[in-house]
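J.: Pasting a structure below so you can have a look.
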Ligand code: FCB
């Protein structure tokens, strides 16, 4: 049983992100982020949804915190909206800060540890207009913003995550164009990846010197990339390099992997890495946040055409892997979620044990979860057996990794609430709590109740 396998000190939480749940995007001085602007691009987001109301968490946070308390969560991972706290990266917006001030107090009052992420993709549009993450200057602005948030909340928040998933911010945002700011410029994507990491390192240095007792980390979306068959080892290495090691190595070892530099030579901007950058990027961190959803099987052999799944956007996008010509991503005989993502819990065990061996640092699973096409039953409940199964299997996979020696200290389900799923808008539901987008009513699904039981049983 999962409940008896995880240590009693294990931390259980749930995660969200500002743009996906807050709403109130034009209230109290907040200005546009790149996601507000991207949502206005024709066909960028399915159904033309935008995040301007989302789950209305901005006004309903006391109710949401009460929900978390009723589930027995130890910790809540949320992000701060940069353009709410410093609209346009200008002066500090006291009203915007006050929201997070109250949220943190509410959490602490409920006995829930606030896990704060500084950047979950909502760059102030003004900084994008100046070049965005492809512009080195943005890294310095990020460290300034980090200190602003720390000045307001540093007396109560111990856990700080600089960035969520720089891979998505850089490669989906600047190479594929599937995420804001919707650019398709491979060199800008590589520059963005480097500058995001530089911003991370500068923020770690700044926060560390403001208060050496803080617990600082970064969250990466990592994957297990398997060769489909003999002869596919090199393409697996290529994709592993551009997905995992391009971030893991600079941050945890202080250098870019040579094979990745070789692979990307034609898209690597001249003069990108300056003296001292890698020392800053590899400033020591206290934990690594791991977001895991599924793995990939890659091959030089073409994949059999799959039944087309609903395209997330109507705009043409290109590949996020800037060098992947001739690489084919294969599906396996595995169950799939509503995102069409394979359900592959054993991949999480392998990922965590690999990280423990190759990049030793305390690990937290900061996101893992599944979207399903939930049905509201006549009794008003959501009997989401598929999500319960997903949750239990992945908690088991974490327990397996711990049994094999990996230093994994906590797990955050993605997500607490159904919410705005980026290019998919409101069409994909990841929550353990259902949100009715007409009434904004919250209903814990069966998965929330099961998660609460698992948490209680592990005490
Ligand atoms: C991750 C994001 C998160 C959510 C999940 C499904 O890549 O960090 O915001 O969209 O995927």
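J.: Got a number for residues in region 13-59 being within 16 Å of the ligand (Cβ to nearest atom), closer than 20 Å to residue 440 by Cβ and in a loop (DSSP other than H, G, I, E, B)?
T.: Residues meeting the conditions: 10.
J.: Here are some conditions: (1) surrounded by fewer than 19 Cβ atoms within 10 Å (Cβ to Cβ); (2) within 14 Å of the ligand (Cβ to nearest atom); (3) closer than 29 Å to residue 249 by Cβ. Residue 412 meets all but one. Which one does it not meet?
T.: Only one criterion in (1) surrounded by fewer than 19 Cβ atoms within 10 Å (Cβ to Cβ); (2) within 14 Å of the ligand (Cβ to nearest atom); (3) closer than 29 Å to residue 249 by Cβ is unmet by residue 412, namely (1).
J.: Look through 369, 347 and report the one residue that is within 12 Å of the ligand (Cβ to nearest atom), modelled with pLDDT of 95 or more and buried (at least 21 other Cβ atoms within 10 Å of the Cβ). Can you show your working first?
T.: Values: 347 fails: within 12 Å of the ligand (Cβ to nearest atom).
Answer to the selection: 369.
J.: A further question follows. Among the residues of region 118-142, count how many are free of Cβ contacts under 8 Å to residues at least 40 places away in the same chain and either surrounded by fewer than 22 Cβ atoms within 10 Å (Cβ to Cβ) or within 16 Å of the ligand (Cβ to nearest atom) (or both).
T.: Of the residues in region 118-142, 4 are free of Cβ contacts under 8 Å to residues at least 40 places away in the same chain and either surrounded by fewer than 22 Cβ atoms within 10 Å (Cβ to Cβ) or within 16 Å of the ligand (Cβ to nearest atom) (or both).
J.: While we're here: Is it true that residue 149 is modelled with pLDDT of 95 or more and either within 16 Å of the ligand (Cβ to nearest atom) or assigned to a loop (DSSP other than H, G, I, E, B) (or both)? Outline the logic, then answer.
T.: Working: modelled with pLDDT of 95 or more: yes; either within 16 Å of the ligand (Cβ to nearest atom) or assigned to a loop (DSSP other than H, G, I, E, B) (or both): no.
No; evaluated as a whole, the condition is false for this residue.
J.: While we're on this one: Within region 250-272, how many residues are surrounded by 12 or more Cβ atoms within 10 Å (Cβ to Cβ), without any contact (Cβ under 8 Å) to a residue 60 or more places away in the chain and within 19 Å of residue 134 (Cβ to Cβ)?
T.: 4
J.: In the list 115, 160, which residue meets the criterion of being more than 16 Å from the ligand (Cβ to nearest atom), part of a strand (DSSP E or B) and buried (at least 19 other Cβ atoms within 10 Å of the Cβ)?
T.: 160
J.: Would you be able to say whether some residue in region 67-77 is surrounded by fewer than 20 Cβ atoms within 10 Å (Cβ to Cβ), over 22 Å from residue 445 (Cα atoms), touching a residue at least 40 places away in the same chain (Cβ under 8 Å) and more than 16 Å from the ligand (Cβ to nearest atom)?
T.: Checked region 67-77: no residue is surrounded by fewer than 20 Cβ atoms within 10 Å (Cβ to Cβ), over 22 Å from residue 445 (Cα atoms), touching a residue at least 40 places away in the same chain (Cβ under 8 Å) and more than 16 Å from the ligand (Cβ to nearest atom).
J.: Shifting gears a bit: Could you go through region 439-456 and let me know if any residue there is under 30 Å from residue 38 (Cβ atoms), in a loop (DSSP other than H, G, I, E, B) and out of contact with any strand residue (DSSP E or B) (no Cβ under 9 Å at 6 or more places or on another chain).
T.: Yes; the residues of region 439-456 include at least one that is under 30 Å from residue 38 (Cβ atoms), in a loop (DSSP other than H, G, I, E, B) and out of contact with any strand residue (DSSP E or B) (no Cβ under 9 Å at 6 or more places or on another chain).
J.: For region 177-199, what are the residues that are within 15 Å of the ligand (Cβ to nearest atom) and more than 17 Å from residue 246 (Cα to Cα)?
T.: Scanning region 177-199 gives 178, 179, 180.
J.: Would you pick out the residues in region 430-439 that are surrounded by 19 or more Cβ atoms within 10 Å (Cβ to Cβ) and more than 16 Å from the chain's Cα centre (by Cα)?
T.: 432, 433, 434, 435
Table: residues versus (1) more than 16 Å from the ligand (Cβ to nearest atom); (2) surrounded by fewer than 18 Cβ atoms within 10 Å (Cβ to Cβ).
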residue	(1), (2)
201	yes, no
204	yes, no
209	yes, yes
215	yes, yes
219	no, no
236	yes, no
240	yes, no
247	no, no
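J.: Still on this structure: If residue 391 meets every condition in (1) within 16 Å of the ligand (Cβ to nearest atom); (2) part of a helix (DSSP H, G or I); (3) surrounded by fewer than 18 Cβ atoms within 10 Å (Cβ to Cβ) apart from one, which number is that one?
T.: Result: residue 391 passes all but (3).
J.: Also: Take residue 23 and decide whether it is out of contact with any strand residue (DSSP E or B) (no Cβ under 8 Å at 6 or more places or on another chain) and surrounded by 19 or more Cβ atoms within 10 Å (Cβ to Cβ).
T.: Yes, satisfied.
J.: Filter region 372-387 down to the residues that are assigned to a loop (DSSP other than H, G, I, E, B) and touching a residue at least 12 places away in the same chain (Cβ under 8 Å), then identify the one that is farthest from the ligand (Cβ to nearest atom).
T.: Step by step, filter region 372-387, then rank; the result is 380.
J.: Kindly evaluate residue 451 against the criterion of being away from the ligand (no atom under 12 Å from the Cβ), in contact with a helix residue (DSSP H, G or I) (Cβ under 7 Å, 6 or more places away or on another chain) and over 21 Å from residue 60 (Cα atoms). Don't jump to the end; show me each part of the working.
T.: Details: away from the ligand (no atom under 12 Å from the Cβ): yes; in contact with a helix residue (DSSP H, G or I) (Cβ under 7 Å, 6 or more places away or on another chain): yes; over 21 Å from residue 60 (Cα atoms): yes.
Spelling it out, residue 451 is indeed away from the ligand (no atom under 12 Å from the Cβ), in contact with a helix residue (DSSP H, G or I) (Cβ under 7 Å, 6 or more places away or on another chain) and over 21 Å from residue 60 (Cα atoms).
J.: Here's something else I'd like to know. Is it the case, given these coordinates, that residue 78 is closer than 18 Å to residue 116 by Cα and in a helix (DSSP H, G or I)?
T.: Numbers: closer than 18 Å to residue 116 by Cα: yes; in a helix (DSSP H, G or I): no.
The answer is no for residue 78.
The values are calculated or read from the model by the stated rules, or taken from the named source; none is laboratory data. Owing to the predicted nature of the structure, the values given are computational and were not obtained by experimental measurement. When we count neighbours, we look across all protein chains shown, and the Cβ atoms used for this are built from the backbone with ideal geometry, even at glycine.
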